[in-house]
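Q: Questions regarding the structure given below will be posed in turn.
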Amino acid sequence: MPVARHTVDEKAEALSLYVDLGPAEAARRSGVSPLTISSWARRAGLHTNAPTKTKEATEALIIRAQSMREELKIRMLHKALDLLDRMDAPHVEFKGKDADPVTYPIAPAGAVQNYATSVAILLDKYRLESGEATGRTENVSITDGLDDHEKAALGGAIRDELARRADAQAAVAAVGDPGEA
């Protein structure tokens, strides 16, 4: 099998790319096999800076994404404010087959509802981006409205049921589960 010959300049360019970009990108740009470039680099005692540059690029990308998310949050709030202002501003709708403009002194009920829905969605997404809870949770005590006697009776019933279940589990464990046969 014939051996490919590369000029000194081609080899130097491939090794320069290797140091800066790593073997894969050097091979892609130079047309020389990544194994060949790696072999030349090993013989020349060269090491690539690609992992360091990749890490730096990744960190820069993360910082940029965080910045963009902050900008997005600000823009969502501005848009929500704009939509709220539109509820009280003159409103134009286009009606009929010729799409004739109809102007209202303030937004009609349907448009207000659409604006309000849009604002609510924007605020919900803002809260998600900010890491806030977006759902509403309620905790209700089952003993609210019970007197002390009823609370004691309920507590006793719960304890009795838990004890019955524990005894049943212990009995099954002692004789084995009939479903395992």
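The values are calculated or read from the model by the stated rules, or taken from the named source; none is laboratory data. This is a predicted model, so every value here is computed, not measured. So basically every Cβ, Gly included, is an ideal-geometry build from the backbone, and we count neighbours across all protein chains shown.
Q: Please find, among 125, 151, 97, the residue that is assigned to a loop (DSSP other than H, G, I, E, B), among the basic types (Lys, Arg) and on the phi < 0 side of the Ramachandran plot. Steps first, answer last, please.
A: On the way: 125 fails: assigned to a loop (DSSP other than H, G, I, E, B); 151 fails: assigned to a loop (DSSP other than H, G, I, E, B).
None of the other options fit; the residue is 97.
Q: Shifting gears a bit: Out of all the residues in region 105-119, which are touching a residue at least 12 places away in the same chain (Cβ under 8 Å) and part of a helix (DSSP H, G or I)? Talk me through it step by step, then tell me what you get.
A: Narrowing region 105-119 to residues touching a residue at least 12 places away in the same chain (Cβ under 8 Å): 105-108, 111-112, 115-116, 118-119.
111, 112, 115, 116, 118, 119, listed by residue number.
Q: Does residue 166 satisfy being surrounded by 10 or more Cβ atoms within 10 Å (Cβ to Cβ) and either small (Gly, Ala, Ser) or under 31 Å from the mean Cα position of the chain (by Cα) (or both)? Outline the logic, then answer.
A: On the way: surrounded by 10 or more Cβ atoms within 10 Å (Cβ to Cβ): yes; either small (Gly, Ala, Ser) or under 31 Å from the mean Cα position of the chain (by Cα) (or both): yes.
When the stated conditions are applied, residue 166 passes them.
Q: From the list 159, 136, 127, which residue is at pLDDT 95 or above and within 44 Å of the chain's Cα centre (by Cα)? Can you show your working first?
A: Details: 136 fails: at pLDDT 95 or above; 127 fails: at pLDDT 95 or above.
Exactly one residue qualifies, and that residue is 159.
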